[in-house]
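Report on the following structure.
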């Protein structure tokens, strides 16, 4: 279980353009990493657009945003363009990072259980340590809590 103060495990994934992105590339910056189930769905769009709308403010605070889901890069690119998202969306089709970060598990939709991405976010400080860990968070709260945490760092 990942917790505040722990070093964020490094990873390398493809972004929406098919380029490799490593978490450690962002050392020296504050990072909001949000994990979402599927590009283009209602809750995911609310979360992603919430971070989009706050992005200019975050940039002034030395912060970046990264989204991560099991979607293929080409699906993420379409969504990024459609919603005007100014940050990278990372692809984890085998959900190895999602599982390692504790955001893969049982969920219920319309009373039926299934296994998938548990909406979450992580705030990582300039030294690569967690300053906020939110597993199973609703889209609006995710944005508000992450922005608040960045403001306290």
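Throughout, read-outs are computed from the coordinates displayed, never taken from laboratory work. It should be emphasised that the depicted structure is a prediction, and the values quoted were computed from it without experimental measurement. Using ideal geometry, Cβ is built from the backbone for each residue, glycine included, and neighbour counts are taken over all protein chains shown.
List of remarks:
- If the segment from residue 41 to residue 19 were pulled out straight at 0.36 nm per residue, it would be longer than the present Cα-Cα gap by 5.5 nm.
- Kirkwood hydrodynamic radius of the stretch 103-145, Cα pairs, Å: 11.7 Å
- Anisotropy class of the chain from Cα gyration tensor, a/c 1.5 cut: rounded
- Ranked 153, 1, criterion: other C-beta atoms within 10 Å, fewest first: 1, 153
- Once the Kirkwood radius over Cα pairs is known for the stretch 15-60, the Stokes-Einstein relation at 4 °C and 1.567 mPa s delivers a diffusion coefficient of 104 µm²/s.
- Here is how the number arises for the chain: DSSP H runs of 4 or more residues each give -39500 (n - 2.57), the sum is divided by the residue count, and the result at 222 nm is -9500 deg cm²/dmol.
- Antiparallel bridge percentage (DSSP; both residues within the chain; nearest 5): 70 percent
- Pair-distance distribution P(r) for the stretch 67-121, from all Cα-Cα distances in 10 Å bins starting at 0: 23, 43, 31, 3 percent.
- Length gained on full extension, residue 53 to residue 108, computed as 0.36 nm times the residue gap minus the Cα-Cα distance: 16.9 nm.
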